[in-house]
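This report concerns only the one structure given below.
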Amino acid sequence: MKQYMLSVHHTEGDAEPTEEAMQAAFRDVDAFNERLQSAGSWVFACGLEGPSTSTVVDGTGNEIVTTDGPFAEAKEHLGGFWVVKAADLDSALALAAAGSKACQAPVEVRPLQGEEG
């Protein structure tokens, strides 16, 4: 089975969810994670701290340069991700739809390079 990254996207400026909505999303994501594990699709998942906590490291030149904050100033940022095993893209898209519903955010699907099984 091929592996896919399902990445959760958030947009700067979106209204913050209420505490009740956030707790419901946490419960729904936990249930989704349990379904992934039971189905044998689970590889790894993780939520991420906000983009303001990031540091960019650029070692492409003669000196290593570190910069506080996200790599790109953008309205969208990655909020978390799953790495899953799926038989094909259609199966991965179905998992992404369920994950999006659980976390209440859009989910991007990308195949991992060189992962065929």
When the stretch 1-48 is checked residue by residue, the ones that are in contact (Cβ under 8 Å) with a residue 60 or more places away in the chain, within 11 Å of residue 103 (Cα to Cα) and of a type in the set (A, V, I, L, M, F, W, C) are 8, 21, 25, 29, 31, 32
Selection from the stretch 1-39 of residues aromatic (Phe, Trp, Tyr) and crowded, with 16+ Cβ neighbours inside 10 Å yields 4, 32
Scanning the stretch 40-76 for residues that are hydroxyl-bearing (Ser, Thr, Tyr), over 23 Å from residue 12 (Cα atoms) and exposed (fewer than 10 other Cβ atoms within 10 Å of the Cβ), the one modelled with the highest pLDDT turns out to be 60
Residue in the stretch 93-115 that is at pLDDT below 95, more than 20 Å from residue 9 (Cβ to Cβ), of a type outside the set (A, V, I, L, M, F, W, C) and touching an Asp or Glu at 6+ places or on another chain (Cβ under 8 Å) present:
no
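The values are calculated or read from the model by the stated rules, or taken from the named source; none is laboratory data. Here the structure is a predicted model, which means the values were calculated and not measured. Don't worry about glycine lacking a Cβ; one is built from the backbone with ideal geometry, like all the others, and counts go over all protein chains shown.
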